[in-house]
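Here is the structure we will look at, set down as structure tokens.
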Amino acid sequence: MKDVTIIGAGVVGCAIARELSRYDLDVAVFEKEADVCEGTSKANSGIVHSGYDAKPGTLKARFNVEGNRLIHELSKELDFPFKENGSLILALEEEGRKGLEELLERGNKNGVPGLRIVEKEELKEMEPNVSENAVCALYAPTGGIVCPFNMTYAFAENAADNGVSFVFEGVTGIEKLKDETGEVFYRITAGKETVDTRTVVNAAGVYADVFHNMVCEKKIHITPVKGQYCLMDKTAGGYVKHTLFQLPTKSGKGILVTPTVHGNLMYGPTADEAGDCEDTSTTAEGLDTVLSKASLSVEDLPRKTITSFAGLRAREDGRDFIIGEADDAPGFFDAAGIESPGLTAAPAIGVHLAKLIAAKLNAPEKKDFDPVRKGIPSIALASDEERAELIKKDPLYAKVVCRCELVTEGEIRDAIERTLGATTVDGVKRRTRAGMGRCQTGFCLARTIPILAELLGKSTDEIEKSGHGSYYIDGEIKDTL
Amino acid sequence: MSEIKKDLVIIGGGPAGLAAAVSAAGEGVKDILIIERDIRLGGILNQCIHNGFGLHTFKEELTGPEYADRYIDMVRKEQIPYMLDTMVVDLSFDEKTGEKIVTAMNKTEGLFYVRARAVILAMGCRERPRGALNIPGFRPSGIYSAGTAQYYTNMEGKLPGRKVVILGSGDIGLIMARRMTYEGAKVLCVAELQPYSGGLKRNIVQCLDDFDIPLLLSHTVVDIKGKRRVEGVTIAEVDENKKPIPGSEVFYECDTLLLSCGLIPENELTDKLGAKMNPVTGGAFVNESLETDVPGVFACGNVLHVHDLVDYVSGEAAAAGKNAADHILGKNAQENDGNVINIKTENGVRYSVPSVVRPAYMPDTLTVRFRVGNEYRDKNLSVYLDGKQLMKLPKRIMAPGEMEQIILVKSKVSEIISESGVKEHELIIRVEDKE
Amino acid sequence: METRELTCIRCPIGCHITVELENGEVKNITGNSCPRGEEYAASEVTHPVRTVTSLVNVTGGERPVVSVKTAGDVPKEKMMDVVAALKSVTVEAPVAIGDVVVKDIEGTGADVVATSNVAKK
């Protein structure tokens, strides 16, 4: 009997797993995709929100502010890229001032530090390319940007290093059962596997309502809301320093313009109901909307798109997070309805749920818990001295595989060989940035595939983009002639 | 970290780098280093196994690898040193000494610096990816740049897909339509956003017409279907503003989408160096010596502007090699008379390489290369210097896919500018109607 | 009198050639800028030919395939036959440019020769 089974290896599931790995518990994470960080966690704004946005008293407000504080520490402990670049919420017309003041008051109630309104002159100094129409802005100094992939990998790897097992198999059923003592336990079906578990954590993102409703009478309902983004070339990366939000108006929530933690510039997201929970397609209208609305925030919006993508947010009808043990299903813990600011809130949700579960199972803290995880060293970010040092240890750090982002074979091997290492091309890409640059795998794909094949003991024909039939090579030439 | 000194460093061992090296060596520069990131010399030519190379240079029709091998042979005969599997990661200019500092790394030497008196940039170009085209839809596997598909087919003997749609009628896309057909794949069509093809006419005849592959001009991909692997694409006709025409959508069931939508000079190092860039070509601005605005740094081949024929790359690179040699050997130290000709391109001519000419440094004849921005039939190509008509060349056809050139004769140029009495001159290249 | 419009493929210039035919016989050729164009146009309207480039498998080499071409032109309608015939051809490394891989492929009279070097592994 497992102690805890977590459904979903997104940032929330992995953060919970990592916090649970502090305790003496047998924990397993089930994930339907071939890797961790394959759903909402891989396609979002990568923003660490300061916490002024959520209504005071909501779970969103509480976990946002707590999560923001935690990420500052965790980014060092778990070695993932994070930068406190500060956020600016722009009022693009004078009427907006009132709205900013409301947000300021709300933020103060939520306990967000350092909020203040900056006037046009100061705003221009802070952001020289800001739109001439910007009247004033709310400045949130604790807003930040993070690499959502590596934050998720960091949690997952640290959890796995501390004993959590990860199973890449989709959960298809949960039964609520009672043992001979009358104690409730759950029987999880995942592919051909059946696992009994004392508790379940539902961190299934856009599918969280499906699992919740399998065992609970009080139903929840999640709508996948699509957000489309455009990512600009690094040559446009310095166009803004802060994350620029637009003050929500009657016509919508607005589109943000932000540097990413890796030095690109990004615009998005739209917010439209998706066709289904797998509909991560972009649309011509969506991408048009992103560019046209983003152009309201800055003068001469750079249009050097290197890729565009869409992600799905899990919007629950009540519009707040659902976190905690279900009323009518003891031992079934929800982390559901995790839309924005979910990425920011994830570490706090992890701490909160892990404490609840450990208390319920009377689990003591482990003495040998190791909170530290080291990321993959980056040749691109290293100084020449650090580069030489890495190359001395392993000459493959001198063998460049991705020329756009300057990623070496040493880094790619590390990404594949480490705990919960990459098994797909996308997995390598998100761990190392090989293929994230302006040629978008044009050069490195053919060089990454053989490394994956070698280290996984597969043929190059078997290497996939993201698993589940996303093959690249389709046999030998002339085989049908 | 080790540091070595070289007279000339050539970044890139493809057709441009090889021809530049051979030329510089021929001029008497012996202390040369070619730095190539691949495991063999020859660059992209190694995977261009089709024929059609070398008619100008060798007066015979060669395949890409054969053409490359001719130059590799010359490099070996001249005993020009080269490093393979070596990546240049930084390039800077030492203001004090005038030296260029090349930072590179490889598995055997680790990270090292080369101080060079001259550098020739010959890094080539890359293909425009899907994202830059803003094609909506899913992001499955099965979307390749034509060059990636070419690598798999020609270097690895693997098929990247079986039922193929090609977007963009650039030469690599056209070539790949034939290559994949030859190797057993079915190419459904080639869609081209523009009302004309971006590739050479001969490739349309030989690679599409020969195999009854339709070329859909003024069409583009408006949707990609398939969560894991491409399952199909939707193609629509576009209006004169390149906007898809509603109702014209046709769905093509396929497993592969190849993109051949243009090439972009690969100038990360040029940017790091701080050389002034031409936004039209994506390459550096250069003068008659193919020298950037950083003294002693020359550029040639597709890193300077995208060429249609490798023969022209070799020609341009040979000029860059000679000019770099002159720079190193001090041969170009003759008195600069201060005359400068700025080349202005207009009325259909998009850019020129070079963009500025110092007559004092001009060779007896100087090739100026450029491209037009539209398809023109039965027009004149006119060249004016200081208001005087220098040339009027009747052209049966000019197309964006094919590079054009004019040859400036030094004696003629000197004659005209000496009459003007000023130092700043203007040369205009434009498309004109025939009278 | 029949006229055929062609794009010359003998060199990358791609001249637009007009061929005038009478009873299947070439009467006049215009638009070419070299004798090769004339030859091409005459041949293209009577018996079109192509150079075929493809690959054959290599054993024991640094690469699994080597590029090849027909050393002379082959009839256009034989292109796919030539490629298909190469399917069963395997050569042993090392292979050098110019090595004859198949003699007189498919009875066309043209040899298939290697166009790249593949060293032994």
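In region B:57-78, the qualifying residues are those that are more than 15 Å from residue B:16 (Cα to Cα) and surrounded by fewer than 20 Cβ atoms within 10 Å (Cβ to Cβ), and the one that is nearest to the other protein chains (Cβ to nearest Cβ) is B:61. For region A:208-228, filtered to residues that are of a type in the set (S, T, N, Q) and assigned to a strand (DSSP E or B), the residue that is farthest from residue A:328 (Cα to Cα) is A:228.
Any idea which residue in region B:135-177 is farthest from residue B:200 (Cα to Cα), counting only those that are free of Cβ contacts under 8 Å to residues at least 24 places away in the same chain and of a type in the set (Ser, Thr, Tyr)? Step by step, filter region B:135-177, then rank; the result is B:152. Of the residues making up region C:51-76, just one is more than 23 Å from residue B:67 (Cα to Cα) and at the interface with another protein chain (Cβ under 10 Å from one of its Cβ atoms), namely C:76. Looking at this structure, is residue C:33 more than 28 Å from residue B:47 (Cα to Cα) and out of contact with any strand residue (DSSP E or B) (no Cβ under 7 Å at 6 or more places or on another chain)? Answer is yes for this residue.
The rows are residues; the columns are (1) open to solvent by 80 Å² or more (accessible area, probe 1.4 Å); (2) β-branched (Val, Ile, Thr); (3) within 14 Å of chain B (Cβ to nearest Cβ); (4) in contact with a helix residue (DSSP H, G or I) (Cβ under 6 Å, 6 or more places away or on another chain).
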residue	(1), (2), (3), (4)
A:371	no, no, no, yes
A:375	no, no, no, no
A:378	no, no, yes, no
A:381	yes, no, yes, no
A:384	no, no, yes, no
A:389	yes, no, yes, no
A:392	yes, no, yes, no
A:398	no, no, yes, yes
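Number of residues in region C:65-97 that are assigned to a helix (DSSP H, G or I), open to solvent by less than 50 Å² (accessible area, probe 1.4 Å) and under 10 Å from residue C:52 (Cα atoms) equals 3. Residues in region A:225-246 that are open to solvent by 10 Å² or more (accessible area, probe 1.4 Å) and more than 14 Å from every other protein chain (Cβ to nearest Cβ): A:239, A:241, A:242, A:245, A:246. The residue of region B:93-113 that is nearest to residue B:271 (Cα to Cα), among those that are more than 14 Å from chain A (Cβ to nearest Cβ) and surrounded by fewer than 23 Cβ atoms within 10 Å (Cβ to Cβ), is B:93. Among the residues that make up region C:42-50, is at least one of them within 30 Å of residue C:3 (Cα to Cα), within 12 Å of chain B (Cβ to nearest Cβ), under 13 Å from the mean Cα position of the chain (by Cα) and open to solvent by 60 Å² or more (accessible area, probe 1.4 Å)? No, because not a single residue in region C:42-50 is within 30 Å of residue C:3 (Cα to Cα), within 12 Å of chain B (Cβ to nearest Cβ), under 13 Å from the mean Cα position of the chain (by Cα) and open to solvent by 60 Å² or more (accessible area, probe 1.4 Å). With respect to the conditions (1) more than 18 Å from residue B:203 (Cα to Cα); (2) at the interface with another protein chain (Cβ under 9 Å from one of its Cβ atoms); (3) open to solvent by less than 70 Å² (accessible area, probe 1.4 Å); (4) free of Cβ contacts under 8 Å to residues at least 40 places away in the same chain, residue C:107 lacks only one, and its number is (2). As a summary of the residue check, residue B:81 satisfies the conditions (1) open to solvent by less than 40 Å² (accessible area, probe 1.4 Å); (2) away from chain C (no Cβ under 14 Å); (3) not β-branched (Val, Ile, Thr) except for the one numbered (1).
In summary, no strands (runs of 3 or more DSSP E) completely within region B:114-218 bear 2 or more residues that are more than 12 Å from every other protein chain (Cβ to nearest Cβ) and closer than 30 Å to residue B:95 by Cα. Close contacts from region B:350-375, counting a first residue that is on the phi < 0 side of the Ramachandran plot and in contact (Cβ under 8 Å) with a residue 60 or more places away in the chain and a second that is open to solvent by 20 Å² or more (accessible area, probe 1.4 Å) and aromatic (Phe, Trp, Tyr), with Cβ to Cβ under 6 Å and a gap of 6+ residues or different chains, come to B:355/B:285; B:375/B:196. Each residue in region A:18-46 was checked for being over 17 Å from residue A:347 (Cα atoms) and in a strand (DSSP E or B), and 3 pass.
Scanning region A:462-481 for residues that are more than 24 Å from the chain's Cα centre (by Cα) and more than 7 Å from chain B (Cβ to nearest Cβ) returns A:462, A:463.
Residues considered: C:30, C:7, C:3. Of these, the only one that is farther than 24 Å from residue A:476 by Cβ, modelled with pLDDT under 95, within 12 Å of chain B (Cβ to nearest Cβ) and open to solvent by 60 Å² or more (accessible area, probe 1.4 Å) is C:30. Residues of region B:1-25 that are farther than 10 Å from residue B:321 by Cβ, away from every other protein chain (no Cβ under 14 Å) and buried (at least 24 other Cβ atoms within 10 Å of the Cβ): B:9, B:13, B:15.
Restricted to strands (runs of 3 or more DSSP E) entirely inside region B:1-64, those with at least 3 residues that are within 25 Å of residue B:126 (Cβ to Cβ) and modelled with pLDDT of 95 or more are B:2-11, B:32-35.
Of all the numbered requirements in (1) assigned to a strand (DSSP E or B); (2) within 14 Å of chain B (Cβ to nearest Cβ), residue A:275 misses one, and that requirement is (1). Take residue B:331 and tell me if it is over 20 Å from residue B:122 (Cβ atoms), open to solvent by 10 Å² or more (accessible area, probe 1.4 Å) and among the basic types (Lys, Arg). So residue B:331 passes the test. Taking each residue of region A:8-32 that is modelled with pLDDT of 95 or more and looking for partners that are of a type in the set (D, E, K, R) and not in a loop (DSSP other than H, G, I, E, B) with beta-carbon atoms closer than 7 Å, six or more apart or interchain, yields A:22/A:365; A:23/A:365; A:25/A:3; A:26/A:2; A:26/A:3; A:27/A:3; A:28/A:2. Screening region B:380-414 for residues that are hydrophobic (A, V, I, L, M, F, W, C), farther than 24 Å from residue B:289 by Cα and open to solvent by 20 Å² or more (accessible area, probe 1.4 Å) and picking the one that is modelled with the highest pLDDT gives B:393. For region B:279-313, which positions are more than 14 Å from chain C (Cβ to nearest Cβ), of a type outside the set (A, V, I, L, M) and under 15 Å from the mean Cα position of the chain (by Cα)? Across region B:279-313, the qualifying residues are B:279, B:281, B:282, B:283, B:285, B:298, B:300, B:301, B:302, B:305.
The set of residues in region A:422-446 being open to solvent by 10 Å² or more (accessible area, probe 1.4 Å), more than 10 Å from every other protein chain (Cβ to nearest Cβ) and free of Cβ contacts under 8 Å to residues at least 40 places away in the same chain consists of A:429 alone.
The values are calculated or read from the model by the stated rules, or taken from the named source; none is laboratory data. Owing to the predicted nature of the structure, the values given are computational and were not obtained by experimental measurement. A quick note on method: Cβ atoms are made from the backbone with ideal geometry, for glycine too, and the neighbour counts reach across all protein chains shown. All accessible areas refer to the heavy atoms of the entire protein, side chains included, with ligands and DNA or RNA removed. Shrake-Rupley method; radii C 1.70, N 1.55, O 1.52, S 1.80 Å.
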